[in-house]
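I have placed the structure first, in the form of structure tokens, so that the comments after it can refer back to it.
Just so it is clear, none of the values below were taken in a lab; they were calculated from the coordinates. It should be emphasised that the depicted structure is a prediction, and the values quoted were computed from it without experimental measurement. As a convention, Cβ positions derive from the backbone with ideal geometry for all residues, glycine included, and neighbour counts pool all protein chains shown.
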Amino acid sequence: MRNPLSDKVVGIQPSGIRKFFDIVSEMKDAISLGVGEPDFDTPWKIREEGIYTLEKGRTYYTSNSGLKDLRVEICSFLKRRYGLIYDADEETFVTVGGSEAIDLAFRAMLNPGDEVIIPQPSYVSYLPCAVLADGVPVIINLKEENEFRLTGEELLSAITPKTKILVLPFPNNPTGAVMTKENLQEIADICIDKDIFVVSDEIYSELTYGGKHCSIASIPGMKERTIVINGFSKSHAMTGWRLGYACGPNNIIKQMVKIHQFAIMCAPTNSQYAAVEGLRNCDADVENMRTEYDRRRKFMLTKLRGMGLKCFEPFGAFYIFPNIAKFGLTSEEFAMRFLEEHKVAVVPGTAFGDSGEGFLRMSYASSLNNLKTAMERLEIFIKSLN
Amino acid sequence: MRETILAILEKNSKINVADLAAMLGEPEAAVANEIAEMEKEHIICGYHTLINWDKTSEEKVTALIEVKVTPQRGNGFDAIAERIYNYSEVNAVYLMSGGFDLTVMIDGKTLKEVALFVANKLAPLESVLSTSTHFVLKKYKDHGTILDVLQNDERMSVTP
């Protein structure tokens, strides 16, 4: 028989997080700070709307770009929260989670050999999606001393004549880093000057602490060269509903919708109706979750620093990224021993790129009791290492 | 800081000061001090435990009584409210807007005990015009907490 497989697909490394998941899921009584999704249930208003929609028999396809009501609500949300102005018909469409939008953006924009700049540590799907779209990933290793922000200098050093897309993953998973308006202005100036497009993954935009999220698309001259990707998974605790969206210039969105139309048809109808309710009536629920995360964030920061770990203050998402390099173990060794000896799961920073070496991702999307127990065990563990 | 402390304590009065201080990013002493102040000012009036008595062998009935009263010149409803809330059987008294004046919550061991309290103590009070007693049959949710549901974390243990 001939080799049934695509060399391109076979050549892609499976996610490093998978191996860890297999081990943790064998351990029934482990506390996991390894979860990349909210621990809150979807607000009841949204779930109720989902139920109501099913009762009404709204079980058909929607248009390829998604329910008009939802697109209108998305645009009004982006305007009231971030000052972004998008047309609901021409510049906005609904996807199956933010992850589909990432994939589509690359596929719609890249020609073979085009370079995609990916700052790391970052979410695991940018690199394989870029490769699958025949792009060439160029990694920027973000630095702890810059609080894992992307600097203009770093960006300039990665740009070549072949650079087409910069991926901007902020607020960042796994570091919790955010970009301020000033940081973004510096990046925007370079993108405009070098004629580079930006795929801005803003899925954690509602989870920022101590300052409102700023989207690079709100900077003059950037809207026409930016695809903004967002969704409901993190802000509205709707991961399982699989619902995201992309906004951007019509010429790019049109091509993204074309792929979406043939590959997916439309995002789940039930989820779309539920999300309309989420954007219309759930600002207070989102605020309550953010407040709760913020308390846990401060708790974790205080505890980690209190036990002598170097840890920059994260201002976004629900992750904290302590530095454990001083113990002389790799991130993976540290995480593995911590799991085996103390039954707490954290994710090695290296699952998000080589520059995550020396760090751990701890998710504080977990109850305070869990966080507290995990921190007590961590303190015992690191004492045993000294 | 006060409102945040109160918001956290209201949901979990068992939290210790060290954890509370960590959550606020404030020094422990400052938080302890603030709590002491609020206790002194009677902003914090007590620390209670939310119990689902239905799961115990304890016999307990709760009644909600709608009470209409005649307010008194100069005192409004306060004087009559005081005469009612001083009974140890009375768990809560609220002044209401709408069709009646006071909500009185009463805890007792049996329906009869509660009914007799209403008949012998509450209804005969001079200012009380009428009472209407409603017994609680089941508590589903109290103080923002669903009583009979154990929350399980059904998420996958590690996800990107």
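For chain B, the longest principal axis of the Cα atoms and the long axis of helix B:28-40 meet at an angle of about 10 degrees. Against the empirical 2.2 N^0.38 Å (N residues), region A:73-188 has a Cα radius of gyration ratio of 1.12.
Of the cross-linked pairs A:Lys326/A:Lys372; A:Lys181/A:Lys303; A:Lys8/A:Lys326; A:Lys143/A:Lys326, which ones have a Cα-Cα span greater than 27 Å in the structure shown? Show your work: numbers first, answer last.
On the way: A:Lys326/A:Lys372 23 Å; A:Lys181/A:Lys303 30 Å; A:Lys8/A:Lys326 38 Å; A:Lys143/A:Lys326 16 Å.
Result: A:Lys181/A:Lys303; A:Lys8/A:Lys326 exceed 27 Å.
For the residue pairs A:Lys45/A:Lys234; A:Lys162/A:Lys212; A:Lys19/A:Lys164; A:Lys164/A:Lys254, alpha carbon separations beyond 22 Å are given by A:Lys162/A:Lys212; A:Lys19/A:Lys164.
In peptide B:15-25, how many Cβ atoms from other protein chains are near each Cβ within 10 Å, on average? Before the final figure, lay out each step's value.
Details: counts 2, 1, 0, 4, 9, 2, 3, 14, 11, 4, 8.
That average works out to 5.
DSSP beta bridges fully contained in chain A are about 45 percent antiparallel. Over region A:222-265, the alpha carbon radius of gyration divided by the compact-protein estimate 2.2 N^0.38 Å works out to 1.31.
Shown here is the pair-distance distribution of chain B: with all Cα-Cα distances grouped in 5 Å bins from zero up to the longest one, the shares run 1, 7, 13, 14, 12, 13, 14, 11, 7, 4, 2, 1, 1, 0 percent. Treating r as the C-beta distance of A:Arg290 and A:Arg2 and R0 as 41 Å, the FRET efficiency rounds to 0.15.
Between the amide H of B:Asn91 and those of B:Met105, B:Ile106, B:Asp107, distances stay under 5 Å, these residues lying 5 or more places away or on another chain, with hydrogens modeled in the peptide plane.
Dividing the summed helix terms, -39500 (n - 2.57) for each DSSP H run of n ≥ 4, by the number of residues in chain B produces a 222 nm estimate of -8000 deg cm²/dmol to the nearest 500.
Suppose the Debye formula is applied to equal point scatterers at every Cα of the protein assembly as shown; what is log10 I(q)/I(0) at q = 0.07, 0.08, 0.13 Å⁻¹? Debye intensities relative to I(0), on a log10 scale: -0.52, -0.65, -1.31.
Cross-link partners of B:Lys55 among lysines, defined as those whose alpha carbon lies under 16 angstrom from its own and excluding same-chain residues fewer than eight positions apart: B:Lys109, B:Lys138, B:Lys139, B:Lys141. Residue by residue, region B:114-121 carries 3J(HN,Hα) couplings of 5, 4, 5, 4, 5, 5, 8, 10 Hz when phi is fed to the Karplus relation 6.51 cos²θ - 1.76 cosθ + 1.60 (θ = phi - 60°); x denotes Gly or Pro. Can you give me the Cα centroid spacing of region A:273-338 and region B:112-134 in angstrom? Computed from Cα coordinates, the inter-centre distance equals 54 Å.
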